[in-house]
1. Enter the Cα centre distance for the pair segment 592-658 and segment 95-139, rounded to the nearest angstrom.
2. By DSSP, what percent of the beta bridges with both residues in the chain are antiparallel, rounded to the nearest 5?
3. Can you tell me the length gained on complete extension of the stretch Asp179 to Arg565, counting 0.36 nm per residue apart and subtracting the Cα distance?
4. How far apart, in nm, are two points set 7 Å out from the Cα along the Cα-to-Cβ line at His233 and at Ser596?
5. Ignoring ligands, DNA and RNA, what accessible area per residue does segment 400-486 give at 1.4 Å, in Å²?
6. Within the set of other residues whose C-beta is less than 9 Å from the C-beta of Glu330, count the net charge using Lys and Arg as +1 and Asp and Glu as -1.
7. Please compute the per residue accessible area over segment 183-264 with all protein chains in place, 1.4 Å probe, rounded to a whole number of Å².
8. Can you show me the helix-derived [θ] at 222 nm for the chain, built from DSSP H runs with n ≥ 4 at -39,500 (n - 2.57) apiece and divided by the number of residues, rounded to the nearest 500.
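The values are calculated or read from the model by the stated rules, or taken from the named source; none is laboratory data. Treat the numbers as computed from the prediction; the structure is a model and nothing was measured. With ideal geometry, Cβ positions are generated from the backbone for all residues, glycine too; neighbour counts draw on all protein chains shown. Note: accessible area is taken over every heavy atom of the protein model, side chains too, but ligands, DNA and RNA are not part of it. Shrake-Rupley method; radii C 1.70, N 1.55, O 1.52, S 1.80 Å.
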Amino acid sequence: MSEQSFVHTPVEPERYEFNASPAYRFEADRRDFLKILGGGLLIVCVLENASAFQESGAAGLSFSHPLPRAISSWLHIGQDGRVTVYTGKVEVGQNVRTSLTQAVAEELRVSPREIQMVMGDTDRTPFDMGTFGSRTTLTMSPQLRRASAAARDILVNLAAKAWGVDSARLVAAAGEISDPAAHRAIKYGALLQGKELAEDIPTADPLEPATKWTVMGAPLPKVDGRKFVTGEHQYPSDLRLPGMLYGKVVRPASFGAKLVSLDTPAAEAMRGVTVVHDGDFVGVAAPTVEQAVKAAAAIRTQWQSFPQPSNSDLFQYLKQNTVEDGRTREQEGSLDAGLAQADHRLSQTYTVAYIAHAPLEPRAAVAEWKEGKLIVWTGTQRPFAVQYQLADTFRIPKDHVRVEVPDTGSAYGGKHTGETAVEAARLARSAGRPVKVVWTREEEFTWAYFRPAGVIDIRSGVHAGGKITAWEFHNYNSGAAAIGTPYDIPNRLIEFHPTKSPLRQGSYRALAATANHFARESHMDELAHAVQMDPLKFRLANLKNPRLIAAFEAAAEKFGWAKVRSSPEQGFGIAGGVEKGGHTATCAEVKIDRASGEVKVVRLVTAFDCGAVVNPDGLRNQIEGATMMGLGGALFEAIEFGDGRILNARFSAYRVPRFRDLPEIEAVLLDRKDIPPAGAGEIPIVGVAPAIGNAIFAATGIRPTSLPTARGGLKL
């Protein structure tokens with residue numbers, strides 16, 4: 001499954017219990033963090049339970065986490081006035097380091113230049129479930145804003161007490177408290193004088209409304225942006241430690257294979273090489289990458305493999321191997337009655353292939369053991385989960401493990417787990433020196449988890465006038481995210497059927513929302529065609545959600561939906577939906593080469609409403625990035641596999657969008673200052689594939705029912 005449910009149980013304030021093993025417990029004490037900070041102002045922020053599920057790609061790591069009702073949010077103001085903010089969230093290219101900096105600057109009344117954001121360090125930051133689900137803007141930004149607002153109030157009160165005046169006459173701005181009537185001011189750092197202050201703040205602490213924002217709501221250049229473009233920034237794969245060795249792992253021939261025999265003398269005879277064998281794990285550590293590769297190649301292994309399905313029989317396999325655990329069902333009205341009322345009835349099956357995350361930076365980790373303690377630097381979306389994974393693997397207390405996450409070269413939901421961290425730590429423990437493991441591109445394509453494949457069956461009924469009367473929707477394997485329809489349909493049955501996946505699968509940008517939107521929005525076009533209605537008008541006729549209506553209308557207006565096709569090879573398509581607080585609509589223009597069947601996407605316009613816009617430049621980048629990523633899944637990305645082996649595990653065989661594939665991309669930002677901000681990293685992708693599929697149908701009369709839609713060209 002691409003989503004996993006987590007059980008919620010009450011926990012004590014300021015205490016967080018992770019149920020991976022009863023031996024490992026995380027208890028956050030403010031005094032411990034004050035020692036780390038070395039004085040200054042510390043704020044603890046209380047947050048309501050924000051999520052009912054966690055996303056994971058960990059097939060073999062089974063744990064649950066009761067999300068605490070109180071999540072500590074840490075804010076430190078040094079004597080020099082510099083502000084250090086601590087968050088367990090990580091930066092993997094979505095630019096939340098910048099947007100979170102804006103949140104603190106807005107409420108604390110300091111310049112963004114005075115803020116340092118410490119992210120994803122299990123020794124220095126509060127516990128966090130992970131960076132996933134478009135939740136950073138939704139949950140962490142308000143936490144930091146509340147902490148900053150509380151800190152500002154404390155500073156004002158301290159100044160009022162020192163000056164013996166009413167706090168109402170004081171002003172917090174530009175990192176200082178001023179008394180305009182008395183023409184005096186004091187810097188935050190000077191006011192604190194190194195004092196250790198810790199206070200709890202209520203969740204109801206008032207925040208600045210979006211209509212009064214001065215830092216939020218405006219463009220702010222990427223924090224540390226120059227370091228990224230000049231190469232100064234060190235990604236996990238760039239890190240080096242004194243005396244560090246390089247690790248390579250000997251992989252089996254196929255998934256699930258068991259080690260039968262092992263011959264290591266040739267590798268062990270190589271100078272400086274350490275060979276590690278632990279169960280089915282075989283690896284080497286060597287002074288250089290080249291030596292590590294040579295040593296791994298010198299090890300002779302035999303593996304016992306087992307028969308497994310291939311992509312040729314994938315969809316039949318998924319429907320035949322359902323399981324009950326995790327099944328969901330929603331029913332409203334009478335499906336039989338709705339179908340009986342319909343003038344047109346339609347049934348269709350849609351399929352979605354496994355696809356890879358293909359991050360720019362493959363998985364990487366550096367591990368070092370010191371005096372029985374382990375520190376790992378790695379690129380992951382869930383540093384605390386990796387901490388527990390390491391503690392569980394090596395049977396050591398959790399507080400003997402530290403995980404640090406440098407800003408990482410993308411993830412897209414694919415770096416929830418800590419495989420490389422465990423591999424590097426195994427090798428480092430045996431070698432007695434730090435070890436770095438960086439997966440090759442082939443390893444990334446083969447041993448990482450994939451976006452789930454799926455089969456979706458839809459049966460529907462519609463009046464001749466365009467009103468949908470019945471909707472039956474069955475998703476097999478790809479997931480339950482966005483499975484419910486936003487359309488006003490009185491009679492519906494919607495089910496998610498988990499299955500035994502032949503490949504390891506997990507989170508991907510927007511999870512199953514990509515699959516469910518593709519099937520639903522393709523079927524909406526089929527229904528519109530059945531009643532001979534314009535696809536946009538058909539959708540609007542079946543909608544009551546004003547925000548989604550506004551998104552469709554904004555995208556259509558910017559695109560010029562009513563324009564006439566200029567050639568028979570041209571086609572227009574539209575699609576949209578709702579997920580995780582975002583409302584989106586995408587219009588696509590395609591051009592078909594009828595000789596070759598090649599599909600060229602000419603233009604994509606996406607209108608997006610995620611509430612109040614925090615950083616318009618950052619939001620536009622997210623929309624454009626999601627659009628480009630969605631293009632690959634829509635047209636040509638698909639994992640080929642057979643008998644437990646990935647058959648196209650390199651970029652020469654697995655095609656992702658290239659510059660020549662990119663259309664004109666336009667983003668329409670619907671800034672709703674009356675609605676709190678929601679995340680934007682995932683939702684804009686969901687309308688891309690169905691809009692393109694619907695445009696292909698408009699140009700050719702061929703209805704794409706599978707993703708990818710045009711791999712190898714259309715068969716015209």
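1. Segment 592-658 and segment 95-139 have Cα centres separated by 29 Å.
2. Restricted to the chain, the bridges split so that about 75 percent are antiparallel.
3. 132.4 nm
4. 3.5
5. Ligands and nucleic acids excluded, the result is 23 Å² per residue.
6. Once all neighbours under 9 Å are counted, the net charge is 0.
7. 59
8. -8000 deg cm²/dmol
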